[in-house]
1. Please compute one quarter of the surface area of the Cα convex hull for the protein assembly as shown and express it in square nanometres.
2. Could you tell me the extents of chain A's C-alpha atoms along the three principal axes, largest first, rounded to whole Å?
3. I need the trypsin sites (Lys or Arg not before Pro) found in region A:1-89, filtered to DSSP loop residues with at most 11 other beta carbons within 10 Å of theirs.
4. Ordering B:50, B:89, B:64, B:97 by accessible area with a probe of 1.4 Å, largest first, what comes out?
5. Specify the residue with the greatest mean-square fluctuation among B:101, B:81, B:92, computed from a Gaussian network of chain B linking alpha-carbon atoms under 10 Å apart.
6. With N denoting the number of residues in region B:57-115, provide Rg(C-alpha) divided by 2.2 N^0.38 Å, to two decimal places.
7. Of the heavy-atom accessible surface of the protein assembly as shown (probe 1.4 angstrom), what whole percent is carbon and sulfur?
8. Using Cα centres only, tell me the gap between region B:37-103 and region B:12-28 in whole Å.
Amino acid sequence: TQLLEQSPQFLSIQEGENLTVYCNSSSVFSSLQWYRQEPGEGPVLLVTVVTGGEVKKLKRLTFQFGDARKDSSLHITAAQPGDTGLYLCAGEGTSGSRLTFGEGTQLTVNP
Amino acid sequence: DVKVTQSSRYLVKRTGEKVFLECVQDMDHENMFWYRQDPGLGLRLIYFSYDVKMKEKGDIPEGYSVSREKKERFSLILESASTNQTSMYLCASSSPYGTGANVLTFGAGSRLTVL
């Protein structure tokens, strides 16, 4: 079973601060997806990274896939209260389409 | 707008009751999944299906069964609910093809409380 360790589990910051969430594994993934979940809703896809070393930007969010495709990070610049939510990483194994999810990072951005 | 619809947002059941959680998707997706979500544990896969009448066990299938009689509908069944099945249940679907292959579209979730 492939495991994804996500850190930190909880993060509470002030508006305007920067933050980074990490997703690590000893396994290689063919792709890595990041989702955000708001209270009372299901997770919604933010981005998919496929190539080792790939960097994708979504406004103030920067996603990076590790060179060895075993880890990923999400960096948020100048966080806003609207960024509050549960961030989940999910890795797609090299042999199939099942996703392995990390435990999630609960982010709270205080105004 | 594409959708995965879970019929019940909140349910309260008693120990031993049979529980049905229904999920319908309108995207013609081949793959459908049932997860449960508990704090600190992330999303854990219960069952999934790659085709009509086909089902595969996920990581935590004990105490659950599923049914997929039509492509758009995937049901999760708790034959005899127990208190440790109190959780948020998320249904998702995906297609194995195209540029968005294997990206999950989730429903809003069904929060089940077993007393």
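The values are calculated or read from the model by the stated rules, or taken from the named source; none is laboratory data. Since this is a predicted model, take the numbers as computed values, not measurements. As a convention, Cβ positions derive from the backbone with ideal geometry for all residues, glycine included, and neighbour counts pool all protein chains shown. Side chains are part of the model used for accessible areas, which takes the heavy atoms of the whole protein and leaves out ligands, DNA and RNA. Shrake-Rupley method; radii C 1.70, N 1.55, O 1.52, S 1.80 Å.
1. 12.2
2. 44, 28, 19
3. Those satisfying the criteria are A:59.
4. Details: B:50 80, B:89 0, B:64 20, B:97 150 Å².
Descending order: B:97, B:50, B:64, B:89.
5. It is B:101.
6. In units of the 2.2 N^0.38 Å rule of thumb, it is 1.31.
7. On the way: 5350 of 10870 Å².
Answer for the protein assembly as shown: carbon and sulfur cover 49 percent of the accessible area.
8. 11
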